[in-house]
Structures are given as C-alpha cells and as structure tokens.
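Here the structure is laid out as structure tokens; the discussion comes afterwards.
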Amino acid sequence: LDMGQFRDMRQSSPHFDQPLSRRSRRASLSEIGFGKLETYIKLDKLGEGTYATVFKGRSKLTDNLVALKEIRLEHEEGAPCTAIREVSLLKDLKHANIVTLHDIVHTDKSLTLVFEYLDKDLKQYMDDCGNIMSMHNVKVFLFQILRGLSYCHKRKVLHRDLKPQNLLINEKGELKLADFGLARAKSVPTKTYSNEVVTLWYRPPDVLLGSSEYSTQIDMWGVGCIFYEMAAGRPLFPGSTVEDELHLIFRLLGTPKEENWPGISSIEEFKSHNFPKYKPQPLINHAPRYRDPYESKKRISAEEAMKHSHFRQLGTRVHTLPESVSIFTLKEVQLQRDPGYRNSSYPESGNGKINRRQSMLF
C-alpha cells in the first residue's frame, strides 16, 4: 500500500489484501492520532498471545477501567497487519454491540490499543453457568450478536473470526463483538481472500474446503454454531482437524451433493478426502430451527434473523433503537439468572472472584 492509500484511511475502511512492508506499516501508523502511555495505569495481566499482551488498566483522566492491548513492534516487521486492520476498521465502527476503541498509543517498541473494559467473554460466561444457560438469556445474547453483525455487514465489513472468546460481556449483560484483527472491509459482493480464517469449530464447510470466494455469509455459519453452543451447553462441531471438522458437519447435515451444493463434485479438496455418504440427521434433535444450508448464498442474513419470531418476546422497540444505544435501556429487556450460575457479578450471583480470561483481544 502506498502513502496515498494510507491517507485515505481517515475517510474509509481500506483493503489489506497485499503484504505490508515495515516502512508501509510505520507509514500507516503515522496517519492515526495517538494518545500518551502515561495516561493509563496497568493493573492485572489478562493474557498473552503471539503478538500482543492484554492488561486490565485504568485511565487517569476518567478513572474508568480499560483493556490495554499491547502489540509488540518487531524491529524487522513493524506493526502487524492485523493491528493496522483492527485500528482502521474499529475507528469507523461505532455501535452498542461492538467493542469501543478509545485510544491508540504508539511508541518505538509497541502499539497499544485502548479498549473499553468488559468483565468476561461468552466462553467464560458459559463456563460460569456450568453450560446451563437460561433460554431467555440465550435469546438476548443471540440478538445482540446479530445486531452487531448486521451493522458490520451493512458497511461491507466481515468479522471472519466469530467464536465465544471474541464476544465480550459486561455486568449489565451487554454483548459486544471484539477482535477485528482478521476482519475485512469489502466493496464488492464477493472477493478472493485468504481461507485461513475463523477458528476451526465455527468455520463453514465452504471455507474448510478451501473456498476464498465468500461474503457476509461466512459470519452467519459461526452465529449458528454459537447459538447451538449456548442453547445445548456444548459445541456443535468440535473438530480437531479440518478433515475431522468436515466429518462432524457431514455426519449431521449429510454429505453434500450437487443438488444441495452446486459444484461440490468438482472441488479437489472434497474429492481427495473421499468422504462417506452420510445421510442427514433430523435437526430437531440437535439444533431446532437451525438454518445453515451448504449453499452459502442461501444462508439467512443477520438482518433477516433479527426479524425472526424467535425474538418476539423482546418487543418491537429493540428494532428501532439508535445504533449506539444498548437494548438494555428498554425496561422489557433484562437478563435472567441462569440455572447453572455459580460464579458471577450478575444479578443474584454474589461477589465471587472473576476468572481471568484468555483474552479475545490478542
């Protein structure tokens, strides 16, 4: 990317389809406004990943808690592409169900992204429930996932790495999409991207089979898997390898054929595995109302899904709220106590110690 393209980052979300040189990465960072590191106090270390360490912190200006995602700038490489991508997208995504990027601090050795602090992620929440969630709460969380995704998809942004660890929850029950390091801004209905995205359990079969031609539907497969996991208390397709993941999908939905997946017989990755001809199982036993067909173009959209009668209990006003307003501002929207809850800062839960999370912010 040349300097002219980086200057455009202020106006629109860019594409990162080309490898970035160290010089280009540094140039991109120079176009972004930065805060000062001394503004923030580091508290607990929340976790560490390949490129980043996440700390719980506090702002000296506001006294509010923040999450400090400290990204190491390697001498040879400069800022990781994922960091530049995350910054450029999040500065333009302002929504009640998307994590807020408050500030950016750039030094010679690190790039620190300052996010709003949320207590835990959905994986931790489910663990604290003993994987027994109130179906009402499942509905409330699912609606918020769809609401955040619908906002992204309308702006041609694909998240591409939906999983419970990337969905943050605060003490009110507000759920927010996080970790946009793999996200892409796209300006056309389909575009060739890397197929090495999305954690295995939530990856759609077309991507598992090597497809790099996809649109917003890639995220909707993950939503279906997360919905099932919240409702059933266990992951739907917990594969250990790509082949194992495909076997689990085909055992439940049936091995795909030309009738329900046009072109499948010509995909080399599919032919090379020589999958058994599994028959589809009755989905009512596994995922009632589960609607994720093999043909990605026919998957329900986030906007469509929000209008489903499943959410009627939340009332009509959830559909007319301004984008920046939480659904919990409505009296009719409240979390219930989960049947299996044993450790929480949520209603009726006591003051148990909150587990540190392996942060989705890496």
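Where a number appears in this text, it was derived from the coordinates with a stated rule and is not lab data. These numbers come from a predicted model, not from an experiment. Note that we place each Cβ from the backbone using ideal geometry, even for glycine, and neighbour counts take in every protein chain shown.
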Roughly how many nanometres apart are two label points built 7 Å out from the Cα toward the Cβ at Thr107 and Asn260? 5.5
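Place the peptides 317-326, 113-122 in order of packing, highest mean first, counting for every residue the other Cβ atoms within 10 Å and averaging per peptide. Present the calculation step by step, with values, prior to reporting the outcome.
On the way: 317-326: 12.9, 113-122: 20.9.
The densest-packed peptide leads the list: 113-122, 317-326.
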Calculate, in nm to one decimal, what Ser272 and Ser212 gain on full extension: separation in residues at 0.36 nm each, minus their alpha carbon distance. 19.8 nm
If unit charges are put on Cβ atoms (+1 for Lys and Arg, -1 for Asp and Glu) and the dipole of segment 133-184 is taken about its Cα centre, the option from Ala178, Tyr151, Ser134 lying farthest towards the positive end turns out to be Tyr151
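Pulled fully out, how much extra length does the chain show between Leu200 and Gln313, if you take 0.36 nm times their separation in residues and subtract their Cα-Cα distance? Could the numbers behind the result be given before it?
Working: separation 113, 0.36 × 113 = 40.68 nm, distance 3.29 nm.
That works out to 37.4 nm of additional length.
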In this structure, among Lys139/Lys163; Lys156/Lys297; Lys139/Lys297; Lys91/Lys172; Lys60/Lys123, pairs with alpha-carbon gaps over 22 Å are Lys139/Lys297; Lys91/Lys172; Lys60/Lys123
Between Lys331 and Asp244, what FRET efficiency comes out of the Förster formula 1/(1 + (r/R0)^6) with R0 = 41 Å and r the beta carbon distance, rounded to 0.05? 0.30
Could I have the simple spin-label model distance between Glu323 and Glu304, label points 7 Å from Cα toward Cβ, reported in nm to one decimal? 2.3
Remind me, what semi-axes does segment 120-329 give for its equivalent ellipsoid, largest first in whole Å, using sqrt of 5 times each Cα gyration tensor eigenvalue? 28, 20, 16
Two-site label geometry, Gln281 and Glu74: point separation in nm, points 7 Å out along Cα→Cβ: 4.2
Treat the count of other C-beta atoms within 10 Å as a stand-in for reagent exposure and order Phe180, Phe55 from fewest to most. Phe55, Phe180
